[in-house]
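The values are calculated or read from the model by the stated rules, or taken from the named source; none is laboratory data. The structure presented is a predicted model; accordingly, all values stated were derived computationally and were not measured. Every residue, glycine among them, receives a Cβ derived from its backbone with ideal geometry; neighbour counts consider all protein chains shown. Ligands, DNA and RNA are excluded from the accessible area calculation, which covers all protein heavy atoms including side chains. Shrake-Rupley method; radii C 1.70, N 1.55, O 1.52, S 1.80 Å.
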Amino acid sequence: MEKLPNERIARFSALGRLQKEATLRYSGQALANGFELRVCKEQEGLQREERCFLQGVPRESGEMLLQFLYENAVPIEHWEDVLREACRML
C-alpha cells in the first residue's frame, strides 16, 4: 500500500509469541466541517481500516490528534476510546 499524504506509519516486528509482525497506518484530512482520522492495521496478510469523523475539529487539532495516535502507537482495537478521551482535552 502506498503512503498517503499526512500519513504516519508504525511498523512492529515479530517477537516470538509476544507480538506478531504488523503495520499501523494513521492518516487524517481536514474536511469542510471537521477532520477525518483513519487507522489501518495490516497483519498476517489481512487489513482492517476504521475511520472517524470529528465534527467541528479544526485542521490543527486534528493533526495534533493524528500525531498523538502515531507517537503512542495506539492500537486499532483501542483508538476510539483514546480519541474520545483526547477530544475532551482539546
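Under the rule of -39500 (n - 2.57) per DSSP H run of 4 or more residues, summed and divided by the residues of the chain, what mean residue ellipticity at 222 nm is obtained, to the nearest 500 deg cm²/dmol?
Numbers: 2 runs with 23 residues, N = 90.
About -8000 deg cm²/dmol.
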Under unit Cβ charges (Lys, Arg +1; Asp, Glu -1), what dipole magnitude, rounded to 20 debye, does the range 1-78 have relative to its Cα centre? 140 debye
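Ordered by packing density, taken as the mean number of other Cβ atoms within 10 Å over each peptide's residues, highest first, how do 26-39, 76-89, 8-21 rank? Intermediate values should be presented prior to the final figure.
Numbers: 26-39: 18.0, 76-89: 12.8, 8-21: 10.9.
Averaged packing, sorted descending, gives the order 26-39, 76-89, 8-21.
Counting only heavy atoms of the protein chains, get the accessible area per residue of the chain (1.4 Å probe) and round it to a whole Å² value.
Details: 6060 Å² over 90 residues.
In whole numbers, the chain has 67 Å² accessible per residue.
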What relative contact order, as a whole-number percentage, does the chain give when Cα pairs under 8 Å and 6 or more residues apart are counted? 22 percent
The value for the range 1-50 (convex hull of the alpha-carbon atoms, volume per residue, Å³) is 81 Å³
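At 1.4 Å probe size, with the rest of the protein present, what percent of the exposed accessible area of the range 1-61 is carbon and sulfur atoms?
Values: 2010 of 4230 Å².
Of all accessible area on the range 1-61, carbon and sulfur atoms account for 48 percent.
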Can you give the angle from 0 to 90° between the axis of helix 59-71 and the longest principal axis of the chain, with both taken from C-alpha atoms, to the nearest 10? 20 degrees
